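Undergrad: The structure is given below, and queries will be raised subsequently.
What follows is calculated from the coordinates using simple rules that are stated; it is not laboratory data. As the structure is a prediction and not an experimental result, all values here were calculated from the model. Here the Cβ positions follow ideal geometry from the backbone for every residue, glycine too, while neighbour counts run over all protein chains shown.
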Amino acid sequence: MISSRINFRLLLHLTTFLVMLYVLYLIFLSVPTDKNLGISQRIFYFHVPLAWSGFLCFFIVLIGSIGYLWKKSLICDRLAHASSEIGVLFITLMLMSGVLWAKPVWGVWWTWDPRLTTSLILWLIYVAYLMLRAYSSNRQQGAKYAALLGIAGFIDVPIVYLSIYWWRTVHPQPLVGPATSGGGLDPSMQTALMISTLAFTLVLISLLVERMSLFRDQYALETHVASIKS
Amino acid sequence: MNYLKKILTKTTAILVVYLMLINTALAKTSGDSHASTPEDNLPYLFAVFALTWAGIALYIYYMSQKQREIKAELDSLKRNQE
Amino acid sequence: MQSSGSPAIQIDGLTKSYGTYDVLHGLSMLVNWGEVVSIFGPNGSGKSTLIKILATLSPASSGKIWINGLDSQEYSHHVRRNIGVITHDMMLYGHLTGLENLLFYGTLFHIQNVERRIIEVSESLNISSFLNKRVDTMSHGMRKRISLARSILHDPPILLLDEPDAGIDQIALDILGNLTMSSKGKRTIVMTTHNIEIGFSLSSRIAIISNGAISYIQESSSKTVDEFKSDYKSFTGVTN
Amino acid sequence: MRTLLKDVKTMVWKDIVAEARNKEMVTSILTFAILILVIFNFALRLTPQIILELAPGILWITFIFSGLLGLTRLFVVEQENNTIHGLLLSPVSRENIYVSKAISTFLFMFVSEIIVIPLFSILFNVSLFNLLIFAVIILTTIGFASIGTFFSAIATNTKSREIMMPMLFVPIVVPIIIAAVISTGIVIQGGGWDDIYKWVQLIVVFDILSVVFSMLAFEQTLQE
């Protein structure tokens, strides 16, 4: 039983690794360089998949939070907790890559663009989520409060996006928006983007599986220690 | 599992260095073909790449540390029980 | 209030877990109307948790509790009307006077003729003289008595006392003892305490919690205090 | 419905009487607000031209930070003698406890804001006496009080309420902060109802969502 589980994980990590290698080949050796944006356009293949898997993480947090509050399922709590950590990691990397992309393309490190700003708010909410767990007086309380915030945060994010979008139209900034993302992509670029997204989703799953099993061991140990003490 | 994580951490580190080298090579060739695109942009790509992998590698390292702590505590518990 | 047939409190397979750790594990118990049951147990044995669950402050992880024949989780509103709870917390607002505090709680319990009921209770607990003082200017003993008045204001047929003797003065202790003695046969009381003498002298049955369940329950008349003390030691491994 | 009104009335009355005696909440919100206004006066060189641009921002920063101070202390009052258990032991439903706390919070915040507005108008030479601005302030304060009460209940039970309260509160209320600042700005610059209509709508949607969510979820913040 245990060995088959490890085999499954090993297979998962190996697949992730191979797909990622292929993506790196695509990004750096196969895909043509963008005519307008130059070589820095290749950041795109990291930036967008990071954003996608980051947002996916917070969707998983929502699912885990609902599952925990509704069914009191400890697996759901582990899922939400692990996913929130990975989501914060991915969104941090996404924001950093966004900053590093904005500089060569738009000439500034940061613009209060709706997507960027919403990501920042999202990031803040889920940093608060992790803090809430860290500062709670016990694990159950932290799990419950974090679950409540996981749901509230998820409801809030679309409203945040809408308000920032409207706000941007009131306060137009003298900068051009992202010029060539989306539409005018070379087919090979689109393929590379899709496979890269898949690769980062696999990274997410790999990390998630490991983190969850780590949480399980951690809790089991804590319970054991508590039962010895009493 | 610990073993696997060690391997993962190390391969990631090696991968980062390796691909940075590839990238340097790549930058030289692409710089020639695209006269209009200055090479100035390259460090940004570098930075993003390094950051992303460093971030994920650090997280894996953090997990392996946690794992080690758990194992150490488990061992000490076992010793106490004997 | 007492519906025919159903016992005052019936606990069936009560389990309370924090994460994967069970504080209470399959605890079952039956308390009949008019009984005074004292529950003993070492620190962390789950006495306070049991009282909290009975008081509907904390939900059970599994198992059922019927109070006055009603499922306590489903009919928590009815249950709260039927119980009075005394813990070492006063649950009084310092900035309000004793009277205002009692009026506040009385209104929340929808007591008919609150004023008359407050006069009645204050006379029986001898608190009328300082009822108009602000709680934060009262002495500890006065507050304790106001707090006792608060808990019996709605005339609950069941009283839950969680270490009511902890940190109170002799007067309040006497009043508590009187209250318990005078309620004998009238009110059903479940109390937890560290003081074996007090618990033993007040109650009709004595119980011990260990390993998350009731491991010992006896009529107090069948034992002497010293016998019970040695029983307690053999069941929990500690001398109180 | 009648018991709801009666219970809520009783609990709000209790909060108001206690507040009237110690004046903790309103005084702390108010003194803090005045200090912020004074600091802004030193920090920004405000000429009559730019004051109209900056006034909404200053006003709302003042309201948010002074309001946060009050929100952080909201449930401390109930913790002192563990009176929150007293409330929970009464047959009052948890939703009613939430509603009454949110109403009290709204009243205390609103009273402080009403006092700050004329002060602001005098200190910065901007007239805020406008029905639309009052409407925006009332609606936004409802949003602050409703979700703030919920998060205050959570933050109070954590180890560090002073850090957790702003961390939980500020990112979530970003939409209504934006809406309030912009619609206040529009009205100050001479705009009317039609110009702020969609912002007010956004605030109302946020208010409804936060009240509904908090009522449903409040019980969870109290159980152990």
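Undergrad: Counting only helical runs of four or more DSSP H residues, what would the 222 nm mean residue ellipticity of the protein assembly as shown come to if each run contributes -39,500 (n - 2.57) and the total is spread over all its residues?
TA: Details: 25 runs with 530 residues, N = 776.
The per-residue figure over the protein assembly as shown is -23500 deg cm²/dmol.
Undergrad: Now for a separate question. Using a 10 Å cut-off around each Cβ, can you sort C:14, D:59, D:37, A:14 from fewest to most neighbouring Cβ atoms? Please report the intermediate quantities before stating the final value.
TA: Numbers: C:14 25, D:59 28, D:37 19, A:14 11.
The most exposed by this proxy come first: A:14, D:37, C:14, D:59.
Undergrad: Let me ask something else. For the range D:134-176 and the range D:1-64, compute the distance between their C-alpha centroids and round to whole Å.
TA: Here the answer is 13 Å between Cα centres.
Undergrad: Under the classification rounded if a/c is under 1.5, otherwise prolate if a/b is larger than b/c and oblate if not, where does chain C fall, given a ≥ b ≥ c as square roots of the Cα gyration tensor eigenvalues?
TA: Here chain C falls in the prolate category.
Undergrad: Evaluate the distance, in nm, between pseudo-label points positioned 7 Å from the Cα of residue C:12 and of residue D:76 along their respective Cα→Cβ axes.
TA: Each label point is offset 7 Å from its Cα along the Cβ direction, giving 4.7 nm.
Undergrad: For the residue pair residue A:201 and residue D:123, what label-to-label distance in nm results when each label sits 7 Å from Cα along the Cα-to-beta-carbon direction?
TA: Taking the simple label geometry, residue A:201 and residue D:123 are separated by 5.4 nm.
Undergrad: If you take the beta carbon distance between residue D:95 and residue A:22 as r and set R0 to 45 Å, what does 1/(1 + (r/R0)^6) give as a FRET efficiency, to the nearest 0.05?
TA: The formula returns an efficiency of 0.25 here.
Undergrad: Related question: From the Cα gyration tensor of the range A:15-121, with a ≥ b ≥ c the square roots of its eigenvalues, which class applies: rounded if a/c is under 1.5, or else prolate if a/b is larger than b/c, or else oblate?
TA: oblate
Undergrad: Can you flag which of B:66/C:47; C:133/D:101; C:47/C:186; C:64/D:6; A:71/D:159 are past 29 Å Cα-Cα? List each step's numbers first, then the result.
TA: Working: B:66/C:47 35 Å; C:133/D:101 26 Å; C:47/C:186 24 Å; C:64/D:6 32 Å; A:71/D:159 27 Å.
Checking Cα-Cα distances, B:66/C:47; C:64/D:6 exceed 29 Å.
Undergrad: Let me ask you something else. Assuming R0 = 51 Å, can you tell me the calculated FRET efficiency for the pair residue D:5 and residue C:174, based on Cβ-Cβ distance, to the nearest 0.05?
TA: On the way: r = 42 Å, r/R0 = 0.82.
So the FRET efficiency works out to roughly 0.75.
Undergrad: With the cut-off at 1.5 for a/c, could you classify the protein assembly as shown from its C-alpha gyration tensor as rounded, prolate or oblate?
TA: Oblate is the answer for the protein assembly as shown, as a/c is 1.5 or above yet b/c matches or exceeds a/b.
Undergrad: Can you tell which of D:87, D:199, D:63 lies farthest toward the positive end of the dipole of the range D:2-222, using +1 and -1 charges on the Cβ of basic and acidic side chains (Lys, Arg; Asp, Glu)?
TA: Going by the charge dipole, the pick is D:87.
Undergrad: What are the trypsin sites (Lys or Arg not before Pro) within the range D:1-107 that DSSP puts in a loop, where the Cβ has at most 12 other Cβ atoms within 10 Å?
TA: Those that pass, being in a loop and sparsely packed, are D:23, D:45.
Undergrad: Sticking with this one: Assigning unit charges at the beta carbon (Lys, Arg +1; Asp, Glu -1) and nothing else, what dipole magnitude in debye, to the nearest 20, does chain A show about its Cα centre?
TA: Values: 16 positive and 9 negative charges, 99 e Å.
Magnitude of the dipole: close to 480 debye.
Undergrad: For helix A:2-25, report the angle its Cα long axis makes with the longest principal axis of the Cα atoms of chain A; keep it between 0 and 90° and round to the nearest 10°.
TA: The angle comes out at about 10 degrees.
Undergrad: Quick one: pull the percentage of alpha-carbon pairs in the range D:2-222 with a separation above 27 Å. Working shown, then result.
TA: Details: 8041 of 24310 pairs.
When all Cα pairs of the range D:2-222 are counted, 33 percent exceed 27 Å.
Undergrad: Taking the Cβ-Cβ separation of residue D:50 and residue A:127 as r and a Förster radius of 41 Å, what is the calculated FRET efficiency to the nearest 0.05? Please list the in-between numbers first.
TA: Values: r = 34 Å, r/R0 = 0.82.
With a Förster radius of 41 Å, E is 0.75.
Undergrad: Quote the charge dipole size of chain D about the Cα centre in Debye, to the nearest 20; the model charges only the Cβ of Lys and Arg (+1) and of Asp and Glu (-1).
TA: In total the dipole reaches around 260 debye.
Undergrad: List the aspartates and glutamates whose Cα sits under 15 Å from the Cα of residue C:223, skipping any in the same chain fewer than 8 residues away.
TA: C:197, C:231
Undergrad: Chymotrypsin sites (Phe, Trp or Tyr not before Pro) within the range A:81-161: which are DSSP loop residues with at most 16 other Cβ atoms inside 10 Å?
TA: Here the chymotrypsin sites (Phe, Trp or Tyr not before Pro) that fit, given the DSSP loop and packing criteria, are A:109, A:110, A:112.
Undergrad: Give, to the nearest whole percent, the P(r) tail of chain A beyond 25 angstrom, counting all Cα pairs.
TA: Cα-Cα pairs of chain A separated by over 25 Å account for 50 percent.
Undergrad: Reachable aspartates and glutamates from residue D:14, Cα under 13 Å, same-chain residues fewer than 8 places away excluded?
TA: Filter leaves C:100, D:78.
Undergrad: To make sure I understand the rule: partners must be aspartates and glutamates, Cα under 14 Å from the Cα of residue C:144, and not fewer than 8 residues away in the same chain. Which ones qualify?
TA: Filter leaves C:89, C:136, C:162, C:163, C:165, C:169, C:174.
Undergrad: What distance in nm lies between label points placed 7 Å from Cα along the C-beta direction at residue B:78 and residue D:13?
TA: Output for this residue pair reads 6.7 nm.
Undergrad: Could you compute the net charge surrounding residue C:138? Neighbours are other residues with a C-beta less than 10 Å from the C-beta of residue C:138; K and R count +1, D and E count -1. Walk me through the numbers before you get to the answer.
TA: Details: positive: C:133, C:134, C:143, C:144, C:145; negative: C:136.
Summing Lys/Arg as +1 and Asp/Glu as -1 gives +4.
Undergrad: Arrange the following residues from fewest to most other Cβ atoms within 10 Å of their Cβ: D:195, D:15.
TA: D:195, D:15
Undergrad: Cut-off is 10 Å between beta-carbons; in what order do C:37, D:205 appear when sorted fewest neighbours first? Don't skip to the answer; put the middle values down first.
TA: Details: C:37 23, D:205 16.
If I rank by nearby Cβ atoms, fewest first, I get D:205, C:37.
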